[in-house]
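Chemist: Pasting in a structure now, in structure tokens, and then I'll have a few things to ask.
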């Protein structure tokens, strides 16, 4: 009859197993204090040049051929104002249809580069959707965020005016930068600017008296550590 | 000295090398001496052993018997264990799918589809605590492989895991530190593919071939073995997600359509149906969907599949069937919408399982002891009937009993007289049939359709019985009396089957007809031959018994045969008016008649009748001849007396016996009387000539 007991335990095991799984995830050993990592997420509709910007920043190369990204993550050591940090870039798929999946991407980001193509009005319009979703997921008005108008080298095909874009940036209380992945114009700037914002945010969150921001910070991905 | 040697040899620390060494030192004489000693010792030992055997003879027998019983029990035990193993194995395979996982890298889509059933079984076997995962119907394994989990922050390796990609979710299992049998992994977590975000991690430094899984609140990072493996993971993950979402979309659309339809028919229908997504494509009644889903959330119902597993494992078949009936009753009144159907599938699978186990229970295998007996069978049969599998149950039940009968018959030892063996055979066989019949009626009450199966079975068994019977009886060179006795025994036993309402006598007669007919013919012919033979040697002399005692013995003998008027044929205290021929004939004829009447049945009626008449007629003819003959002119009175004995004593007696068995008068007795009258007149004529 021993086999039956075992059996029942095994049969029941499935349910208990799932509840303990999250515990495992939380109590993961933090082996060593990692160098500061700033997590940047590239968002924007398909074909605006998110990957191009990322690759230019990472490897100083410009890829002409377009191939839709699924989701790629990059990491690189950079010198941020005399401090060595790591930048973790999540290059998301502009074509991702599923809001639920996008939510999962956004949750792990500390700062966002919201990219549109100045040659495509539609891509500019959809930035508000991305913004909206990010705010909803992060639940933080002050989340580090840059509005990036890419493909500035293609001035002759411009559909989105600087004024238009800046107006929106102002409305959101974020900066607007125009870049060209092809010429590398402003590529470093957007990443470094965003990292600085992230750093500032983190510093602010670390201050115990800054109650409000701290809370918000916690609603971000760090809550995993709790 | 011998004792000393025995002591040395039986010492626990006895070393043959040393012993021989020491021996060989002493030279030839010592050796020779030792040889004698050893020889003597061996003889003594043999004698002692023999003595001991005699002394403990009864104990030996008892021990041997104990051992054989133990052996039987071990067999049974081993069989039960095999059974248990089988049950465990089948349990493992519950609701699961395809074991082509080992080389999952080459797994083609179709292959996965083909034996989905097995691969989830593989899961259950290898992963501890994943039974809830495997219970979802239609779920199957798409891909799996070893991965190394990494810290998403530091990129340090954390632990080895094994990931299983199912068609709708991703399961992560950790390696067990201590392997227990086939179980290698422990279930850790399961991610639905719906909202699972997969991120390809570009190689950086030591971190190669990694990818991330984002599923709030977890961020998990895994490292594949090589770029190819990683590519595969990403591709398959992507593809599975697409497939799933396409499927979901389909379902949703169908559900929406269903709602639309519903709206058209009942305008009052609530707009926001929270269960719309769970609806099945066919236009079900959305209003009942709520009900259905709630219906399935009853706790005992959710527990039932597991409870069934346990019940089957514990061989609590009654309990299992109770549960199934309860569920059936519960689900009966509800339409078969998707959630119910899925649940149904789970239950059905277990019903199948249970049926198989029960069938196995009834299966008779050579190594299986039959001692478990009819009670165990009845139990399994009852449950099978409750499951609505009465035909199978009936079939197996009867097969089981066939095996039992065969076994019982084999237990009978063929020794001693055939009659004795046949009597025991009949006893065993027919009582088995009776028992089976009674058992059958208990096991299959109200299942009248099965009764015809029983009758057919009984007939088949009877056929087998007749075959055994035939080899023992008809094909052996036994005397007709013995054969008749055996046939009588069989027919008599067979007739007793009518106690359970089974009439097989006609079938038995039919099966034995040819053999019996042949025997009747043969024996009849023999008798006629014997009559002729004796006639040739007949001297027509009265028998002188020498003393009164012998005559008395003769009279007794005749009385015993039923010839009560024998005293009228004796005279002078030592004489009888009958010839040796007549006496021999009468004895043989009476025995023959007795035997014939034992095998009498309607189909042999005519043969028997004519044999009766023929033999007697032959004898009468001999007498007639004798009367006419010149040699016996002086003996006419004596001859007539003998004829009179045959016609007036033997014939009526035979007729009486014949009538008692067959219900008819013996025909053609008239002819015999005629013949007697003829003899009388002939005798008178010849007497008259004398006078």
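Chemist: Being more than 12 Å from chain B (Cβ to nearest Cβ), without any contact (Cβ under 8 Å) to a residue 60 or more places away in the chain and surrounded by fewer than 17 Cβ atoms within 10 Å (Cβ to Cβ), is that true of even one residue in the stretch A:105-127?
Modeler: There is at least one residue in the stretch A:105-127 that is more than 12 Å from chain B (Cβ to nearest Cβ), without any contact (Cβ under 8 Å) to a residue 60 or more places away in the chain and surrounded by fewer than 17 Cβ atoms within 10 Å (Cβ to Cβ).
Chemist: Since residue B:253 meets every condition but one in (1) within 20 Å of residue A:104 (Cα to Cα); (2) exposed (fewer than 13 other Cβ atoms within 10 Å of the Cβ), which condition does it not meet?
Modeler: Of the numbered conditions (1) within 20 Å of residue A:104 (Cα to Cα); (2) exposed (fewer than 13 other Cβ atoms within 10 Å of the Cβ), the odd one out for residue B:253 is (1).
Chemist: For the stretch B:568-593, which positions are out of contact with any strand residue (DSSP E or B) (no Cβ under 8 Å at 6 or more places or on another chain) and under 23 Å from residue B:480 (Cβ atoms)?
Modeler: Hits for the stretch B:568-593 are B:581, B:582, B:584, B:585, B:586, B:587, B:588, B:589, B:590, B:591, B:592, B:593.
Chemist: Further question on the same structure: Take the residues in the stretch A:53-83 that are assigned to a loop (DSSP other than H, G, I, E, B) and without any contact (Cβ under 8 Å) to a residue 24 or more places away in the chain, then tell me which one is nearest to the other protein chains (Cβ to nearest Cβ).
Modeler: A:70
Chemist: Return the only residue of B:584, B:619, B:546, B:527 being under 28 Å from residue B:661 (Cα atoms) and surrounded by fewer than 21 Cβ atoms within 10 Å (Cβ to Cβ).
Modeler: B:584 is the lone residue from the list that is under 28 Å from residue B:661 (Cα atoms) and surrounded by fewer than 21 Cβ atoms within 10 Å (Cβ to Cβ).
Chemist: Out of all the residues in the stretch A:152-174, which are farther than 25 Å from residue A:63 by Cβ and surrounded by fewer than 18 Cβ atoms within 10 Å (Cβ to Cβ)?
Modeler: Result: A:161, A:162, A:163, A:164, A:166, A:167, A:170, A:171, A:172, A:173.
Chemist: For the stretch B:377-431, what are the residues that are in contact (Cβ under 8 Å) with a residue 24 or more places away in the chain, under 17 Å from residue B:451 (Cα atoms) and not in a helix (DSSP H, G or I)?
Modeler: B:389
Chemist: Let me ask something else. Among the residues that make up the stretch B:218-225, is at least one of them under 60 Å from the mean Cα position of the chain (by Cα), at pLDDT below 85 and part of a strand (DSSP E or B)?
Modeler: Yes - at least one qualifying residue is present in the stretch B:218-225.
Chemist: Tell me the residue from B:452, B:498, B:432 that is more than 30 Å from residue B:615 (Cα to Cα), at pLDDT below 85 and surrounded by 15 or more Cβ atoms within 10 Å (Cβ to Cβ), please.
Modeler: Just a single option satisfies the conditions, and that option is B:432.
Chemist: For the stretch B:129-149, which residues satisfy the criterion of being part of a strand (DSSP E or B) and either within 13 Å of chain A (Cβ to nearest Cβ) or without any contact (Cβ under 8 Å) to a residue 60 or more places away in the chain (or both)?
Modeler: B:141, B:144, B:149
Chemist: Could I ask something else about it? Which residues, taken from the stretch B:150-176, are farther than 21 Å from residue B:140 by Cβ and either part of a loop (DSSP other than H, G, I, E, B) or within 12 Å of chain A (Cβ to nearest Cβ) (or both)?
Modeler: B:150, B:151, B:152, B:153, B:154, B:155, B:156, B:157, B:158, B:159, B:174
Chemist: Of all the residues that make up the stretch A:85-104, how many are closer than 18 Å to residue A:127 by Cα, more than 8 Å from chain B (Cβ to nearest Cβ) and touching a helix residue (DSSP H, G or I) at 6+ places or on another chain (Cβ under 6 Å)?
Modeler: 3
Chemist: On to the next question. Of all residues in the stretch B:184-213, how many are part of a strand (DSSP E or B), more than 9 Å from chain A (Cβ to nearest Cβ) and touching a helix residue (DSSP H, G or I) at 6+ places or on another chain (Cβ under 8 Å)?
Modeler: Of the residues in the stretch B:184-213, 2 are part of a strand (DSSP E or B), more than 9 Å from chain A (Cβ to nearest Cβ) and touching a helix residue (DSSP H, G or I) at 6+ places or on another chain (Cβ under 8 Å).
Chemist: Just give me the residues in the stretch B:562-580 being without any contact (Cβ under 8 Å) to a residue 60 or more places away in the chain and assigned to a helix (DSSP H, G or I), in sequence order.
Modeler: Of everything in the stretch B:562-580, those that are without any contact (Cβ under 8 Å) to a residue 60 or more places away in the chain and assigned to a helix (DSSP H, G or I) turn out to be B:567, B:568, B:580.
Chemist: Let me ask you something else. Restricting to the stretch A:124-162, count the residues that are under 30 Å from residue A:199 (Cβ atoms) and assigned to a helix (DSSP H, G or I).
Modeler: 15
Chemist: Also, quick follow-up: Name the residues in the stretch B:435-449 that are surrounded by fewer than 21 Cβ atoms within 10 Å (Cβ to Cβ), touching a residue at least 60 places away in the same chain (Cβ under 8 Å) and not in a helix (DSSP H, G or I), would you?
Modeler: Within the stretch B:435-449, just B:447 meets the criteria.
Chemist: If a residue must be assigned to a loop (DSSP other than H, G, I, E, B) and in contact with a helix residue (DSSP H, G or I) (Cβ under 7 Å, 6 or more places away or on another chain), how many such residues does the stretch B:450-483 contain?
Modeler: Number of matching residues: 3.
Chemist: With the condition kept exactly as written, say whether any residue in the stretch B:602-620 is touching a helix residue (DSSP H, G or I) at 6+ places or on another chain (Cβ under 8 Å), outside any helix (DSSP H, G or I) and more than 14 Å from residue B:528 (Cα to Cα).
Modeler: No, the conditions are met nowhere in the stretch B:602-620.
Chemist: A further question on this structure: Taking the options B:67, B:87, name whichever one is surrounded by 10 or more Cβ atoms within 10 Å (Cβ to Cβ), in a helix (DSSP H, G or I) and within 14 Å of chain A (Cβ to nearest Cβ).
Modeler: From the options B:67, B:87, the qualifying one is B:87.
The values are calculated or read from the model by the stated rules, or taken from the named source; none is laboratory data. Keep in mind that this is a model prediction, so the values were computed, not measured. Using ideal geometry, Cβ is built from the backbone for each residue, glycine included, and neighbour counts are taken over all protein chains shown.
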